[in-house]
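All remarks here apply to the structure that follows.
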């Protein structure tokens, strides 16, 4: 069932068949972290959320799924104890940015480069009871692309990963 739902979500986002409306990424980040707090506590992971109001245009449901996938991955692919996840939203001149970082195993750039491919899991990453179906980051990549954004994955030198999603900021209203 999880696999079917993930594939359907991937298809919908890929076809860009969704209604676009104003969304605040910072509120979605708060919602995702609140939803996943019990999982974080179970894994001994601390979540720190901060950031600016980050308005963008898109599908609230798809962008919440993107945010939830990133935070979920950051929790389950973390240190076996006392791990940390940082969720940050910020505004740049023409874009808004969601960054999710986590502590964890040291990852190579080569491994990180494969993680957005469907059904890929980092072989060096820890196995947990929440192994997933291997589509989490593929869905994130597809939702990001469907929203004309960019997705960047980078290993952290201290271990873990930093994932950045950059989406277009809404055009400023011009008075006339």
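The values are calculated or read from the model by the stated rules, or taken from the named source; none is laboratory data. Remember, predicted model here, so these are calculated numbers, not experimental data. We place every Cβ from the backbone using ideal geometry, glycine too, and count neighbours over all the protein chains shown.
Some notes on this structure:
- The stretch 99-108, residues that are farther than 14 Å from residue 84 by Cα and either modelled with pLDDT under 90 or crowded, with 18+ Cβ neighbours inside 10 Å (or both): 107
- Long-range neighbours under 7 Å by Cβ, at least six apart or interchain, first residue on the phi > 0 side of the Ramachandran plot and modelled with pLDDT of 95 or more within the stretch 37-55, second loosely packed, with under 14 Cβ neighbours inside 10 Å and not in a helix (DSSP H, G or I): 44/81; 44/82
- Set 151, 167: member being assigned to a strand (DSSP E or B), over 19 Å from residue 30 (Cα atoms), modelled with pLDDT of 95 or more and within 16 Å of the chain's Cα centre (by Cα): 151
- One residue from 126, 161 being surrounded by fewer than 22 Cβ atoms within 10 Å (Cβ to Cβ) and either at pLDDT below 85 or within 13 Å of the chain's Cα centre (by Cα) (or both): 126
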